[in-house]
Amino acid sequence: MSVIAFVPPRAEFVRELPPLPAHTRAHRLPLAQRLWQAAALRRGLMLALLAGLWELGARWADNDLLLPGFGQTALAFAQGLRSGELLQRAGISLALLLQGYALGVALSLALTALAVSTRLGRDLLATLTAMFNPLPAIALLPLALLWFGLGAKSLIFVLVHAVLWPLALNTLAGFQSVPETLRMAGRNYGLRGLRFVWQILVPSALPSVLSGLRIAWAFAWRTLVAAELFFGASSGGGGLGWYIFQNRNELLTDRVFAGLAMVILIGLLVETVVFNTVERLTVRRWGMLR
């Protein structure tokens, strides 16, 4: 027979904690450090540095025909805006771009929805992207001229090709990375077909979709400018590409650089105002991106 020894409980006691240190007011960061934390200011300083290097390089080359200075290009840019020619050319280019981009996005989402819904659609998309994604959009322009003639339809055709395949690839990759638990939850709620794609796959794959939209926009914008250069040689009209082509023929290099600056400026505005805003209001707000 075993005997269990009785151990008396320890006496309770209260431990006095040391007093907390007096609250000190947080010191504000120095002005220079606060300014440096502003991304817009940092980027502005980088652009100013690039402009200074450009001006130094132009002065060293001392040949306005080959490399006009930043000040000379800025003057030509201001004159183009004042006359309205640059804005008119940019409006023509953007109108064509929006048509081709919207049509390419619609076709891409339709193909991707078919690919994630059926095995046949997945095989179709894989085959088409393997065939046409490596093909440069500008290489289809002579064929587009034969089919549609000189005009907006040929440009829209090559723009759709530039948008369709990179967006479809990124969207499909985003859909395939959706966790299986979310897929099972959607099926338990009875979601099938397009409802399953729209309510389950699209929100989860939105970071990849936005990345695809960015890549497709860049491809479409550069394809449009290059195609307008070709159209300028063919029909004597067009948007910013034709503006650059015409001034190159007249050896107005400062206006050529002004046209290129407008192309870059539009690209920066679309990236900053459109895509960054959508990303901030969706995936960053939801905690899906840092």
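Assorted remarks:
- For residue 153 and residue 286, a Förster radius of 41 Å and the Cβ-Cβ distance give a FRET efficiency of 0.55, rounded to the nearest 0.05.
- Our helix-only sum for the chain, with -39,500 (n - 2.57) per DSSP H run of n ≥ 4 divided by its residues, gives a mean residue ellipticity at 222 nm of -22500 deg cm²/dmol.
- Whole-Hz ³J(HN,Hα) from phi, Karplus 6.51 cos²θ - 1.76 cosθ + 1.60, for the range 197-204, glycine and proline x: 5, 6, 9, 10, 6, 4, x, 6
- Working from label points 7 Å from Cα in the Cα-to-Cβ sense, the residue 194 to residue 277 distance is 2.8 nm.
- Accessible area of residue 101 in the full protein assembly, 1.4 Å probe (Å², nearest 10): 40 Å²
- Here residue 14 sits with roughly 120 square angstrom of accessible surface, probe radius 1.4 Å.
- Surface calculation, 1.4 Å probe, protein heavy atoms: residue 140 sits at approximately 30 Å² accessible.
- Computed from backbone phi with θ = phi - 60° and the Karplus coefficients 6.51, -1.76 and 1.60, the 3J(HN,Hα) list for the range 60-70 is 5, 5, 6, 8, 5, 6, 8, 8, x, x, 5 Hz; x is used for glycine and proline.
- Gain on full stretching of the segment that runs from residue 66 to residue 126 - 0.36 nm per residue minus C-alpha separation: 17.0 nm
- Beyond 33 Å, the tail of the calculated P(r) for the range 65-281 holds 28 percent of the Cα pairs.
- Using a simple spin-label model with pseudo-atoms 7 Å out from Cα toward Cβ, residue 83 and residue 117 lie 5.2 nm apart.
- ³J(HN,Hα), Karplus 6.51/-1.76/1.60, whole Hz, each residue of the range 37-48, x for Gly, Pro: 6, 7, 5, 4, 5, 4, 5, x, 5, 4, 5, 5
- Modelled FRET efficiency - R0 30 Å, residue 107 with residue 248, Cβ distances, 0.05 increments: 0.30
- 165, 60, ranked by accessible area, largest first (probe 1.4 Å): 60, 165
The values are calculated or read from the model by the stated rules, or taken from the named source; none is laboratory data. Owing to the predicted nature of the structure, the values given are computational and were not obtained by experimental measurement. No Cβ is skipped: glycine too gets one built from the backbone with ideal geometry, and neighbour counts run over all protein chains shown. With ligands, DNA and RNA removed, areas are computed over all heavy atoms of the protein, side chains included. Shrake-Rupley method; radii C 1.70, N 1.55, O 1.52, S 1.80 Å.
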